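Visitor: I have a structure here, written as structure tokens, and I will follow up with some questions on it.
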Amino acid sequence: MKKVLAYGGMILLFVLLQCSFFTHLSLADVVPNLLIILTASIAIINGSLEGCLVGFFSGLLLDLMFGPYIGMYAFGYLLCGYLTGIGNRIFYKEDITFPVLMIAAADLFYGCYMYIFGFMIRGRLNVLFYLRRIILPEAVYTVIIAIFLYRIILIITEHLQKKGSENLIV
């Protein structure tokens, strides 16, 4: 139960930060995708199932707030959580390189997903413009922020796992 509340709190906090604080820190008219950082980090640390759940509820919250359709963001984040969670098997807590690379890959994947289902279907076919102006700058900015946030998410999830195992023993 504590893990569900902690994940829910992190989702709400990251949505609020992404939609308020980081809009004032936009670079090249993009903001970092904090929910991708959260979803991919949870998936890398705890596996695909938790990554899918965090991704789904993160996307669902965005769908309810901003989405033209219910489920478009939720499915995109769910896919990112599943795909990055596959890397859980080769994850080492001491190495930050692999998680940051997976977060970058998840953000690039999500950017392509949003281009296909958000723009290409509506007839906007200038993929190079979208890639140059949105996908790549957002991925770079997300990776820079992920270097700092990943460690915080790792500490929180380790604390939750430690508390969960203590409760099982007692």
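Visitor: Please give the charge dipole size of region 13-108, origin at the Cα centre, charges +1 on K and R Cβ atoms and -1 on D and E Cβ atoms. Round to the nearest 20 debye.
Guide: Dipole of region 13-108, to the nearest 20 debye: 120 debye.
Visitor: Something else about it: With a 1.4 Å probe and every protein chain left in place, tell me how much accessible area ASP29 has, in Å² to the nearest 10.
Guide: 130
Visitor: Among the aspartates and glutamates, which fall within straight-line cross-link reach of LYS3, defined as a Cα-Cα distance under 17 Å, with same-chain neighbours fewer than 8 residues apart omitted?
Guide: Output for LYS3: GLU50, GLU158, GLU166.
Visitor: Here's something else I'd like to know. Leaving out ligands, DNA and RNA, what percent of the accessible area of the chain is carbon and sulfur, probe 1.4 Å?
Guide: The nonpolar share, carbon plus sulfur, comes to 73 percent.
Visitor: Grab the Cα-Cα distance for TYR92 and ILE147, subtract it from 0.36 nm times how many residues apart they are, and report the gain in nm with one decimal.
Guide: 18.3 nm
Visitor: Taking a virtual spin label 7 Å from the Cα of CYS112 along the C-beta vector, which residues in region 64-98 bring their backbone nitrogen under 13 Å of it?
Guide: 80
Visitor: Can you give the relative contact order of the chain as a percent, counting alpha carbon pairs under 8 Å and 6+ residues apart?
Guide: This gives 24 percent for the chain.
Visitor: Tell me, what is the per residue accessible area of the chain in Å², probe radius 1.4 Å?
Guide: For the chain, the solvent-accessible area averages 56 Å² per residue.
Visitor: Out of region 25-124, which trypsin sites (Lys or Arg not before Pro) are coil in DSSP terms and have no more than 11 other C-beta atoms within 10 Å?
Guide: Passing sites in region 25-124 are LYS93.
Visitor: Might you report the magnitude of the Cβ-based charge dipole of the chain about its Cα centre, with Lys and Arg at +1 and Asp and Glu at -1, to the nearest 20 debye?
Guide: 100
Visitor: I've got another one for you. Sorted by mean Cβ packing within 10 Å, highest first, what order do the peptides 38-49, 4-15, 77-88, 142-153 take?
Guide: Ranked from most to least packed, the peptides come out as 38-49, 77-88, 142-153, 4-15.
The values are calculated or read from the model by the stated rules, or taken from the named source; none is laboratory data. Model, not experiment: these values are computed from the prediction. Cβ coordinates were reconstructed from backbone atoms using ideal geometry, including for glycine residues, and neighbour counts include every protein chain displayed. Remember, those area values only see protein heavy atoms, side chains included, never the ligands or the DNA or RNA. Shrake-Rupley method; radii C 1.70, N 1.55, O 1.52, S 1.80 Å.
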